[in-house]
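Chemist: Take this structure, written in structure tokens, and hold onto it; I'll ask about it next.
The values are calculated or read from the model by the stated rules, or taken from the named source; none is laboratory data. Because the structure is predicted, anything quoted here is derived from the model rather than measured. We place every Cβ from the backbone using ideal geometry, glycine too, and count neighbours over all the protein chains shown. For accessibility, only protein heavy atoms count, side chains too; no ligands or nucleic acids. Shrake-Rupley method; radii C 1.70, N 1.55, O 1.52, S 1.80 Å.
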Amino acid sequence: DFNHPDTNKVITFSGSCNWTEQQLVNDYNNIVFIQSKSVAQAYLTEFNEMWGSTVLQPDLMNSKFGPYKTNNTQHVFTVDGKQLEVYFSPSDQTESHLLDIISSANTNLNFGVYAFTRTSIADSIIAAYNRGVYVAGILDNFSSSYAPKSMMAPYLMSQLLTFTLTYVYHHKFVIADACNNSSDPTVGSGSHNWSYRDWE
């Protein structure tokens, strides 16, 4: 309802969940609903860039995906008095913003990730641990054979869990300073995997 005259009706749905039966019924995910026309405009602009037009008919000659996309949306918003930021891969340097959240943690850092192959993010998490931040994370078994797990395990030990139960731990989130109101508690979430593919 982006064009609804009542802006309170304009809702954006985001998060880690794919629109499949298994993802919606069985797998572990998070979703976020944002009531903000300006945030919805950013998502609509991103959609239209890939759609190739702003009308019902797509324009395949003008459509842009992957490395052809541009950084063409607003990123910082105020929603109900809180700052909210929106970034799209691969055009908006998503990794740098994820690293900003990790480096902002003063007391505690929590994360849950499906695909984790980026060693740069593992380095940042280890740096947080080394500066005295309490770090705890959950990885899906999919990520067990990749370098980040073996890098972090000697530091986090029992505070790094591998999800090996039925179905998929499909989350992609990080939480900085949730237990420290005097800091700047921040949540990062979305569909962006912490993997090389999402930056290519």
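Chemist: When all C-alpha to C-alpha distances in segment 15-70 are sorted into bins of 5 Å, what percent of pairs does each bin hold, rounded to whole numbers?
Modeler: In whole percents, the pair-distance histogram is 4, 16, 16, 15, 19, 20, 8, 1.
Chemist: With a Cα-only, solvent-free Debye model of segment 137-200, what are the log10 I(q)/I(0) values at q = 0.19, 0.20 Å⁻¹?
Modeler: Normalising to I(0) and taking log10 leaves -0.91, -0.98.
Chemist: Are there any chymotrypsin sites (Phe, Trp or Tyr not before Pro) in segment 61-158 that are in a DSSP loop and have at most 16 other Cβ atoms within 10 Å? List them by number. Please list the in-between numbers first.
Modeler: Numbers: sites: Phe65, Tyr68, Phe77, Tyr87, Phe88, Phe111, Tyr114, Phe116, Tyr129, Tyr134, Phe142, Tyr146, Tyr155; in loops: Phe65, Tyr87, Phe88, Tyr114, Tyr146.
Taking segment 61-158 and a limit of 16 other Cβ atoms within 10 Å, the loop chymotrypsin sites (Phe, Trp or Tyr not before Pro) found are Phe65.
Chemist: Could you work out the per residue convex hull volume over the alpha carbons of segment 11-108, in cubic angstrom?
Modeler: 146 Å³
Chemist: Ignoring ligands, DNA and RNA, what percent of the 1.4 Å accessible area of the chain is carbon and sulfur?
Modeler: 54 percent
Chemist: Sticking with this one: Quick one: give the max-minus-min coordinate of the C-alpha atoms of segment 56-154 along each principal axis, largest first, in Å.
Modeler: 53, 39, 18
Chemist: When only the heavy atoms of the protein chains count and the probe is 1.4 Å, how do Arg118, Arg131 rank by accessible area, highest first?
Modeler: Arg131, Arg118
Chemist: With springs connecting C-alpha atoms under 10 Å apart, model the chain as a Gaussian network and identify which of Val79, Val55, Val133 has the largest mean-square fluctuation.
Modeler: Maximum among the listed residues: Val55.
Chemist: Using a Förster distance of 35 Å, how high is the FRET efficiency between Phe47 and Lys82, based on the Cβ-Cβ distance and rounded to 0.05? Before the final figure, lay out each step's value.
Modeler: Numbers: r = 24 Å, r/R0 = 0.70.
It comes to 0.90.
Chemist: Averaging over all projection directions, find the projected area of the Cα convex hull of segment 120-160 and quote it in nm² with one decimal place. Don't skip to the end; give the middle numbers.
Modeler: Working: hull surface 10.6 nm².
Across all orientations, segment 120-160 yields a mean hull projection of 2.7 nm².
Chemist: Calculate, in whole percent, how much of the Cα-Cα pair population of the chain lies beyond 32 Å.
Modeler: Result: 21 percent of Cα pairs exceed 32 Å.
Chemist: Now for a different question. Express the accessible area of segment 37-119 per residue in Å², computed with a 1.4 Å probe while the remaining protein chains stay in the model.
Modeler: 55 Å²
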